[in-house]
Amino acid sequence: MKQNRVNEKVETRLPPDVDKGKKRRKTSLTPGSETLSAHRVDWGNLHYDVILHIFQYLPLVDRAYASSVCRTWNEVFHMPELWRRFEFELSQPATSYLKSTHPDLIQQIIKKHADHLQYVSFKVDSSTESAEAACDILSQLVNCSIKTLGLISTARPSFMNLSKSRFVSALTVVFVNSKSLSSIKIDDTPVDDPSLKVLVANNSDTLKLLKMSSCPHVSPAGILCVADQCYGLRELALNYYLLSDELLLALSSEKHVHLEHLRIDVVSENPGQTQFHSIKKSSWDALVKHSPKVNIVMYFFLYEEEFDPFFRDETPVTHIYFGRAVSKELLGRIGMNCPRLIELVVCANGLQPLDDELICIAERCKNLTAMGLGECEVSCSAFVEFVKMCGGRLTQLSIMEEVLIPDQKYNLEQIHWEVSKYLGRVWFPDMMPTW
């Protein structure tokens, strides 16, 4: 005897804002089929941990909208775990492409979540108004325990347009109240020696990373104070004028942990007006002896006549980037005196072939794994020999096509095959710089 099947009519409504001109449609589903109502999820009863995990992947605006769905979601929205990391974006609509954090949201964060903030950064445009707004927020962070602080200017001058006293006053609030700062990035700011002393007095046991390039109000004595008392410092970025023999020796003391990364910006805005000092070989040797795995990175933005003090003696630099033209002589000194070199990028050299210099670097820099050349000249034969000597350890090889000069042995098509053979992978010269 056949069992009668009873058709269950389920009415499905279209959203009011979609297809308004059409009539409601009826859909017939059998009892064995899944219905929309049978598997409806009560989103308001999701476990807090699940909602929290989802919220962590949402942009702040979407998270704020979601918090208005129900009471549970709103409670999760205010949980401390969601407010430990925050980036304030401050910009002027008329002059910037950045999306600015809404002032009402900023006040809500300061009022309800300031004591939850641990990883804070400020991204500001070039306007003075945005920098002032960042200082106003910093001044109100009196109840928080910030671990990382970053001040990022998308364009100059930004913070440098502020009076030094106003900026330092706002920054000191964080230095005094946090007590556990481990990472600070304050490039291009008017921070000064007294504020660094406040930083050291309150955070010497926790500070591990300090990046403060282009801070003209800091003296070599100010940065030396940090190195002398912050024994846990592992990463340091600064301008060359702050580098001294005393600083390297302080970073090499027995009390100090092994330094992992030292970045040095060597910059000259006005040719012939900046005098660059030399660092003793013994000071470099002390640093490498104490921290044998330290990466020493140097960014050069100098004019050719200003390179005289550099690389006269053995220098343990590992990464060198030249943003302006350099001479054959200087590249020759690098080959002779930089045995720890890992990466070399030369943006320009002129019309003097670099064949001998490249071969010297291949012979003496046994750790070299990355090379970038642009607006230089190298014969195809010398370049093939360079790659042959370095072999497969060249993991990055970015050479502009116009750098390579065909000769009697190789043209540009042949060099592609030869270089690929010695690298153990397919290689082509670049049409545009990739560094």
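The values are calculated or read from the model by the stated rules, or taken from the named source; none is laboratory data. None of the values given here were measured: they were computed from a predicted structure. So basically every Cβ, Gly included, is an ideal-geometry build from the backbone, and we count neighbours across all protein chains shown. Note: accessible area is taken over every heavy atom of the protein model, side chains too, but ligands, DNA and RNA are not part of it. Shrake-Rupley method; radii C 1.70, N 1.55, O 1.52, S 1.80 Å.
With a cap of 13 neighbouring Cβ atoms within 10 Å, and only residues DSSP puts in a loop, list the trypsin sites (Lys or Arg not before Pro) found in the stretch 333-374. Don't jump to the answer; show the numbers that get you there.
Working: sites: 333, 340, 364, 366; in loops: 340, 366.
Here the trypsin sites (Lys or Arg not before Pro) that fit, given the DSSP loop and packing criteria, are 366.
Put simply, the amide H of residue 405, placed in the peptide plane, has neighbours under 5 Å in 378, 379, 380, leaving out anything fewer than 5 places away on its chain.
Using a 1.4 angstrom probe, figure out how much accessible area the chain has per residue, in square angstrom, rounded to the nearest whole.
54
Peptides 104-112, 419-427 ranked from most to least packed by the mean count of surrounding Cβ atoms within 10 Å: 419-427, 104-112.
Could you look at the stretch 161-200 and say what percent of its accessible area is carbon and sulfur, using a 1.4 Å probe and all protein chains? Mind dumping the intermediate values first?
Numbers: 700 of 1400 Å².
Answer for the stretch 161-200 is 50 percent, counting heavy atoms of protein chains only.
Between the amide H of residue 150 and those of 120, 121, 122, 185, distances stay under 5 Å, these residues lying 5 or more places away or on another chain, with hydrogens modeled in the peptide plane. Compared with the dominant Cα axis of the chain, that is its longest principal axis, helix 281-290 is turned about 40°. On the beta carbon distance between residue 246 and residue 70, with R0 = 45 Å, the FRET formula returns roughly 0.15. Residue 142 exposes around 70 Å² of accessible area when a 1.4 Å probe is run over every protein chain in place. Surface composition of the stretch 311-434: carbon and sulfur atoms hold 53% of the protein heavy-atom accessible area at a 1.4 Å probe.
For the chain, what does the alpha-carbon gyration tensor say about shape, rounded, prolate or oblate, given a ≥ b ≥ c as the root eigenvalues, a/c under 1.5 as rounded, and a/b over b/c as prolate? Note, shape of the chain comes out oblate. Taking 35 Å as R0, compute the FRET efficiency from the Cβ-Cβ separation of residue 81 and residue 366 and round it to 0.05. Efficiency for this residue pair is about 0.15. Projecting label points 7 angstrom from Cα along Cα→Cβ for residue 140 and residue 327 puts them 5.6 nm apart. Rounded if a/c is under 1.5, else prolate if a/b is larger than b/c, else oblate: which is the stretch 210-365, with a ≥ b ≥ c the root eigenvalues of its Cα gyration tensor? Oblate is the answer for the stretch 210-365, as a/c is 1.5 or above yet b/c matches or exceeds a/b.
Rounded to the nearest 10 degrees, the angle from helix 355-364 to the longest Cα principal axis of the chain is 80 degrees. For the stretch 137-147, backbone phi angles converted through the Karplus equation (6.51, -1.76, 1.60; θ = phi - 60°) give residue-by-residue couplings of 5, 4, 5, 9, 8, 8, 10, 10, 10, 6, 9 Hz, Gly and Pro being listed as x. Within the chain, the longest run free of GluC sites (Glu not before Pro) that sit in a DSSP loop with at most 15 other Cβ atoms within 10 Å is 35-253. Scanning residues 5 or more positions from residue 91 or on other chains, those with amide H under 5 Å from its amide H are 101, with H placed 1.01 Å from N in the peptide plane.
List the chymotrypsin sites (Phe, Trp or Tyr not before Pro) in the stretch 252-336 that DSSP assigns to loop (not H, G, I, E or B) and whose Cβ has at most 11 other Cβ atoms within 10 Å. Which are they?
Details: sites: 276, 284, 299, 300, 301, 303, 307, 310, 311, 321, 322; in loops: 276, 303, 307, 310, 311.
Sites meeting the loop and neighbour criteria: none at all.
Based on alpha carbons, the Rg and Dmax found for the stretch 311-434 are 13.3, 40 Å.
To the nearest 20 Debye, how big is the dipole of the chain about its Cα centre, given +1 on the beta carbon of each Lys and Arg and -1 on that of each Asp and Glu? Write out the running numbers ahead of the final one.
Details: 47 positive and 53 negative charges, 553 e Å.
Once rounded to the nearest 20, the dipole reads 2660 debye.
For the stretch 40-141, the list of chymotrypsin sites (Phe, Trp or Tyr not before Pro) that fall in a loop by DSSP and count at most 15 other C-beta atoms within 10 angstrom reads 57, 97. For the stretch 176-181, the Karplus equation 6.51 cos²θ - 1.76 cosθ + 1.60, evaluated at θ = phi - 60°, returns couplings of 7, 8, 6, 6, 9, 5 Hz by residue, with Gly and Pro reported as x. Entry note, the chain: the mean residue ellipticity at 222 nm calculated from DSSP H runs of n ≥ 4, each adding -39500 (n - 2.57), is -9500 deg cm²/dmol after division by the residues and rounding to the nearest 500.
If I fit a long axis through the Cα atoms of helix 220-229 and take the longest principal axis of the Cα atoms of the chain, what angle between them do I get, 0 to 90°, rounded to 10? That helix lies at roughly 60 degrees to the long axis.
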